[in-house]
Amino acid sequence: MFGDFQCPFCLGAQSVLRRVRERLGDRLVFAFRHLPIVERHPLALMAAQASEAAAAQGRFWEFHDALFPVQPRLSRETMLEVGRELGLDVKLMAIEIDSEAYGERIARDVASAAASGATGTPTFFVNGARHFGAYDASSLVEELETGAAEA
């Protein structure tokens, strides 16, 4: 999934992804790639930086899952608050956010999105191919299982 932490559609997709993960369990390999749409979501790039700072401390997925629910009140302080609640070193996290320490990593994801034709968020890829149409849990699970059976 190419996503943006400030995108309301990405927030809406989280419950769908939770159901997909529950249904497929260990059979699912899920990757989140950054595509901050800064023209519409001015805090998306900072949130991507914060998530990568959490990843550097081994807690990307916990941060990812905790940040989306607080999206309506997203701010630098909220990002650090989430980090604090997860037991992260928030002083280091703040330094890394402010210095844009993970800019190159995020830029690689953005370039990958452009190369693959992803222009908005969320954009899903299933079994290596771009998923078009509905992204409800049933549709995604069906496409994932069909692709896995064909592999």
message: Can you give me the distance in nm between label points at Ala94 and Ala55, each placed 7 Å from the Cα along the Cα-to-Cβ direction?
response: 2.4 nm
query: Taking every pair of alpha-carbon atoms in the chain, what share in percent sits in each 5 Å bin, from 0 to the bin with the longest distance?
result: 2, 10, 19, 21, 19, 15, 9, 4, 1, 0
message: Treating only the Cβ of Lys, Arg, Asp and Glu as charged (+1, +1, -1, -1), what charge dipole size does the chain show about its Cα centre? Round to the nearest 20 debye.
response: 100 debye
- line: Projected onto the charge dipole of the chain (unit charges on the beta-carbon of Lys, Arg, Asp and Glu, signs +1, +1, -1, -1), the Cα from His34, Leu80, Ser15 with the largest positive-side position is that of Ser15
- prompt: Given labels modelled 7 Å from the Cα in the Cβ direction, how far is it in nm from Ala111 to Ala31?
  reply: 1.5 nm
Distance between region 13-73 and region 81-151 - C-alpha centres, whole angstrom: 7 Å
- prompt: Once amide H atoms are placed 1.01 Å from N in the peptide plane, what residues at a sequence separation of 5 or more from Thr123, or on another chain, have their amide H within under 5 Å of its amide H?
  reply: Phe2
query: Counting other Cβ atoms within 10 Å of each Cβ, which chymotrypsin sites (Phe, Trp or Tyr not before Pro) in region 50-144 have at most 14 and sit in a DSSP loop?
result: Phe132
- request: With runs of 4+ DSSP H residues as the only contributors, calculate the mean residue ellipticity of the chain at 222 nm using -39,500 (n - 2.57) per run, divided by the residue total and rounded to the nearest 500.
  value: -17500 deg cm²/dmol
message: For the chain, what does the relative contact order come out to in percent, with C-alpha contacts under 8 Å and a separation of six or more?
response: 34 percent
query: What are the GluC sites (Glu not before Pro) within region 54-98 that DSSP puts in a loop, where the Cβ has at most 14 other Cβ atoms within 10 Å?
result: none
query: Going through the DSSP H helices of the chain, which span 30 Å or more along their own axis at the Cα atoms while scoring at least -1.0 as a mean Kyte-Doolittle hydropathy?
result: none
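Rule-based calculations on the coordinates, nothing more; no lab input. These figures come from a predicted structure and were not determined experimentally. Positions of Cβ are generated from backbone atoms using ideal geometry, with glycine treated the same way; all protein chains shown enter the neighbour counts.
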